[in-house]
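All remarks here apply to the structure that follows.
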Amino acid sequence: MSHSGSTHRALPAVSQAQFLSCLSEAGKRRDGAPLDVAACLTAAGFSTQLSSITLSADTPLTHALLCGVQFLNCTIDWCSFNASSLSGSQFIACNLRNASFIDASIENCLFRDCIMREVMMACASLDGVGFERCDLVIGSFENARILSSRFDTVTMAGTHFLNAEVRDSSIRNSNLENSVFFDVLRDFDVDSDSRKTVGTTRPTAVLPVDPADRGTSIPRVLVKLDQAAGMIPLRIAMRSPSIDRRKFDHEIGVALQRIAVSPAGGLPIPQRLLQTVDDDPETFAQLASITAKAKTLSANVNAIVLPGGEDIPSALYGEEEDTPRSGSDYRRSLLELALLRESLNRGVPMMAICRGFQLVNVYFGAKMLQNVEGQRGTRDFNLTQGSRNGIYGEAMRETLASVVSHHQAIPVSAQSLVEHLKPSVVHEGLVEAVESPHAGGVPALMLQFHPEFFRTEPMYRAPESFVSRSESLPMSAANQIFWQIFSDAAGAHRAKQAVIRELKGPRSVPPSASAI
């Protein structure tokens, strides 16, 4: 007679401290092998059911084995299950916030009665997975492989399925309002009631994110897009694991070398890089997959955000790197350059903040100062005399106090050579905002400073840093107006796209569901 069930029940539950200690001890002994969580628990004499445990970014569950582990009433906050293998595991009544399952193998698992906010399943393989009575909010199944899985009685507002592969999977009794499927909805078996809910009620916006680096700016941008601008933020992997990093690095090196030995032709290096990829997509297959991703996104959204972050590779503006920093990974830069180009070509409204602002300037040929001092804290900004009737006129009628946090910058001397942009705000010789000199162009807000820090509480508490402390610094209420300007531009784009669809004739899906 089997006693496996009674044995399971007889084992005591593990406490928070015991669980972390168990993982720590097992991690010391595994010699590079995946951490087997169930074996770790049973070897220590504990049940494989985790009840009311909190998992965080410090919980070592990357590259782990989770077979038959049950999470009950757990809080899973910024925990990474990346590249892990989950089989027969269950998440019951859990709160998952910014959990990441990138490149994970998830087989015969169940998520039931869970709140799942900003959960990333990019490039994950899901086979026989059930989502029952769950709220999946602003989630991502980008490049995921979804087989024989079911979504039953779920809501998926802000969740997207960019480039997902779907087979033998179903959606039942669900609210799909403001879910974005990028043409893969047709691959699901969807019941009639769920299908009636398909469509978007608000503008959609691309927001590149890195789940491995919580940062302090991007989560606040997301909150502003959602709450202040009234948009649907789509969290897109800025460094997708679907890209072969070794091949990508080789291709970017070849492309930059090809540019270095060829005539300039009057175009800045970033534009020549994109053109090089377009001209030879077979040689640059990894790079071309990223530019293709930008095309797909720009054709299906109403706004694009280029957020703050690490340094821009100095090779993109033709200089050697002063000091080795974090800008050597070109995957993000290529994606954002391609998104920038598509924004300009398709007329998709854009907001570029800090690094994004610098990238726009570099795209048009500006040079950067690689290291400037003292650019942290609040600053008072005023519009240049010729910009008072421009895109920032309403937000900056009076002096604007906003936050800066950067060590690279665009000097006026470098930006003045860029004919496609004009300085709108200059502070101590550095350009803090630019706009297009041409009336009627693509609505674009390009800011070195950070309006997202005005009265924004993200879904987590960031580690103590200057930028988290800046929440207490005085900022002008007019910082909020930038988000309204962006919202109006995205709303106008959405309305225009609806008219275009109507002129093209009836479709088999609701007109509001432009991105399904």
Say whether the condition of being in a strand (DSSP E or B) and under 24 Å from Ser105 (Cα atoms) is met by at least one residue in region 193-203. no
Those residues of region 110-129 that are closer than 16 Å to Cys67 by Cα and either surrounded by fewer than 24 Cβ atoms within 10 Å (Cβ to Cβ) or not assigned by TED's automatic domain parsing to the domain that holds Ala144 (or both) come to a total of 5
The residue that is nearest to Gly308 (Cα to Cα), considering only those in region 412-432 that are of a type outside the set (A, V, I, L, M) and assigned to a strand (DSSP E or B), is Glu432
Residue set Val261, Val223, Val254, Val209; condition free of Cβ contacts under 8 Å to residues at least 24 places away in the same chain and of a type in the set (A, V, I, L, M, F, W, C); output residue Val261
Listed by range, strands (runs of 3 or more DSSP E) wholly within region 329-411 having at least 2 residues that are in contact with a strand residue (DSSP E or B) (Cβ under 8 Å, 6 or more places away or on another chain) and surrounded by 24 or more Cβ atoms within 10 Å (Cβ to Cβ) are 350-353, 400-405
Any residue at all in region 140-153 that's aliphatic (A, V, I, L, M), buried (at least 24 other Cβ atoms within 10 Å of the Cβ) and under 24 Å from Pro241 (Cα atoms)?
yes
Selection over region 16-60 where residues are in a loop (DSSP other than H, G, I, E, B) and farther than 17 Å from Phe71 by Cα yields a count of 8
Scanning region 288-304 for residues that are in contact with a helix residue (DSSP H, G or I) (Cβ under 6 Å, 6 or more places away or on another chain) and among the aliphatic types (A, V, I, L, M), the one farthest from Val206 (Cα to Cα) turns out to be Ala288
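Looking at Met351, Met368, which one is in contact with a helix residue (DSSP H, G or I) (Cβ under 7 Å, 6 or more places away or on another chain) and modelled with pLDDT of 95 or more?
Answer to the selection: Met351.
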Out of (1) in a strand (DSSP E or B); (2) surrounded by fewer than 18 Cβ atoms within 10 Å (Cβ to Cβ); (3) of a type in the set (A, V, I, L, M), the one Leu66 does not meet is (2)
Arg235: passes all of (1) at pLDDT 95 or above; (2) part of a helix (DSSP H, G or I); (3) of a type in the set (Lys, Arg); (4) under 29 Å from Ala477 (Cα atoms) but (2)
Exception for Thr216 within (1) farther than 16 Å from Gly139 by Cα; (2) assigned by TED's automatic domain parsing to the domain that holds Phe111; (3) polar (S, T, N, Q); (4) under 22 Å from the mean Cα position of the chain (by Cα) falls at (2)
Filtering region 211-226 down to residues that are of a type outside the set (A, V, I, L, M) and modelled with pLDDT of 95 or more yields Lys224, Asp226
Note: among Ala93, Ala83, Ala57, just one is surrounded by fewer than 19 Cβ atoms within 10 Å (Cβ to Cβ), touching a residue at least 60 places away in the same chain (Cβ under 8 Å), closer than 30 Å to Val137 by Cβ and not assigned by TED's automatic domain parsing to the domain that holds Ile243, namely Ala57
Taking region 359-400 and keeping residues of a type in the set (Val, Ile, Thr) and farther than 14 Å from Lys422 by Cα leaves Val372, Thr378, Thr399
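The values are calculated or read from the model by the stated rules, or taken from the named source; none is laboratory data. The model shown is predicted, which means the values in this text are computed figures rather than measured ones. Note that we place each Cβ from the backbone using ideal geometry, even for glycine, and neighbour counts take in every protein chain shown.
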